[in-house]
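None of the figures in this text is laboratory data; all of them are computed from the coordinates on show. Because the structure is a prediction, the values reported are computed rather than measured. Every residue, glycine as well, gets a Cβ built from its backbone with ideal geometry; the counts of neighbours run over all protein chains shown.
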Amino acid sequence: MLVLGIETTCDETSCALVQDGEEILTHTIVSQADMHAEYGGVFPEMASREHVLQMLPCLHKTLGTHALNDIDLIAVANEPGLMGSLLMGVTTAQMLCYALDKPIVGVNHVKAHLYAAMMGNERHFPALGILLSGGHTFLVDIQNETTYTVISTTVDDAIGEAFDKVASMLGLPYPGGPHIEQLAKQGKKERFSFSAGRVKTNPLAFSFSGIKTNVLYTVSETQPDEQAKADIAAAFQDAVFSDVLTKAGKALKTEHRAIYVGGGVTMNQTLRTLAKKRYDLPIFFPKKELSLDNAAMIAGMGFHLRSQASTPERLECSPRFAH
Ligand code: KG4
Ligand code: ZN
């Protein structure tokens, strides 16, 4: 089954053609990161306008020599994300479905980040899922490719958001995660003592706003030089990853047969190295090109959701993680 995937949840316009949920035939990702860097974060109104400009060229490039009529199903990320951005992808998908008389299926892009860790990898279920993205942080029970139950989430900032805000405090550009990772390589994590928050009501829940404030005070009190900035980056990164890996370890159940880690923060090589050493279970990450927002994971997961496909007028989109 040939699935066309469309992803416009935030600041990437992406389309992909994926065969049977697995084989990526073509994949195009147009990032707007440089445009938003000037504002220190994603400017929602500009993001949706840029999707308008990028969508058709992105679609043409992805289709290449493939005929529109060869597509069996259109999968589109319809939650969660920025409303204006989501609408661009969903409207494009709906229009194609009407014109081609094809079925459509909505894909939760956060769940698709975990599916990205399964693409090209072994599947062992039930599994623990660790989702670390710019907008979300979740531990989930994974029953199969499409059935996930949330174990815990963050009570305030998402982990990627914390990376981006700490980067901005250190004078680094958006998106901050890769810059923190680079800077941390020159730093000594022992010089500063940071720790991520504990949530009294749920020991598996996350809280990253306290550590962010701690970094803010440290920066304003110490006026750090370049070495001190690297030390702060190293201490921050170490604290948040220790927190995630410890809580994930506590969430592991005897029936879990593997761990899948997804979301943009999995671009971080330090995280990958730490996580691989930590557990006795097989642990899988997305290929780097499938870590950030992308349409291949949407098309891939769409294949597994094909029984839920509908007609275009029935597809809604939601800015929140609804199901
Ligand atoms: O999953 P994603 O592409 O978008 C959302 O769904 O939110 O994740 C983007 C996030 C950003 O916060 C970015 O700073 C973070 O992933 N990120 C990283 C790294 N590369 C991207 N965080 C830490 N280390 C990295 N190397
Ligand atoms: Zn994402």
Q: Within segment 242-279, work out how many residues are of a type in the set (Gly, Ala, Ser) and more than 15 Å from ligand 1 (Cβ to nearest atom).
A: 4
Q.
I'm told His256 meets every condition in (1) surrounded by 15 or more Cβ atoms within 10 Å (Cβ to Cβ); (2) touching a helix residue (DSSP H, G or I) at 6+ places or on another chain (Cβ under 9 Å) except one. Can you identify the failing condition by its number?
A. (2)
Q) Which of (1) within 16 Å of ligand 2 (Cβ to nearest atom); (2) surrounded by fewer than 23 Cβ atoms within 10 Å (Cβ to Cβ) does Asp156 not meet, given it meets every other one? A) (1)
Q) Hey, among the residues in segment 259-277 that are more than 16 Å from the chain's Cα centre (by Cα) and of a type outside the set (Val, Ile, Thr), which one's surrounded by the most Cβ atoms within 10 Å (Cβ to Cβ)? A) Ala275
Q: Would you be able to tell me the number of residues in segment 256-305 that are of a type in the set (A, V, I, L, M, F, W, C), part of a loop (DSSP other than H, G, I, E, B) and within 19 Å of Ala75 (Cβ to Cβ)?
A: 2
Q) Residues of segment 209-238 being within 14 Å of Asp157 (Cβ to Cβ) and surrounded by fewer than 20 Cβ atoms within 10 Å (Cβ to Cβ), which ones? A) Ser209, Gly210, Thr213, Leu216
Q: State all residues of segment 119-153 that are in contact (Cβ under 8 Å) with a residue 24 or more places away in the chain, more than 16 Å from ligand 2 (Cβ to nearest atom) and within 27 Å of Leu87 (Cα to Cα); if no residue qualifies, say none.
A: Glu145, Thr146
Q: Search segment 12-62 for residues being surrounded by 20 or more Cβ atoms within 10 Å (Cβ to Cβ) and of a type in the set (Asp, Glu), and hand back the single one that is farthest from Asn121 (Cα to Cα).
A: Glu50
Q. In segment 89-124, what residues are crowded, with 24+ Cβ neighbours inside 10 Å and assigned to a loop (DSSP other than H, G, I, E, B)?
A. Ala117, Met118
Q: Might you check whether a residue that is more than 18 Å from the chain's Cα centre (by Cα) and on the phi > 0 side of the Ramachandran plot occurs anywhere in segment 95-116?
A: yes
Q | Within segment 199-245, tally of residues that are farther than 17 Å from Asn268 by Cβ and assigned to a loop (DSSP other than H, G, I, E, B) | A | 11
Q: With respect to Met83, determine if the residue is surrounded by fewer than 17 Cβ atoms within 10 Å (Cβ to Cβ) and within 16 Å of ligand 1 (Cβ to nearest atom).
A: yes
Q) Lys61 is checked against (1) more than 23 Å from Gly262 (Cα to Cα); (2) assigned to a strand (DSSP E or B) and fails just one. What number does that condition carry? A) (2)
Q: Go through segment 136-183 and give me each residue that's farther than 20 Å from Val215 by Cα and either assigned to a helix (DSSP H, G or I) or small (Gly, Ala, Ser) (or both).
A: Ser152
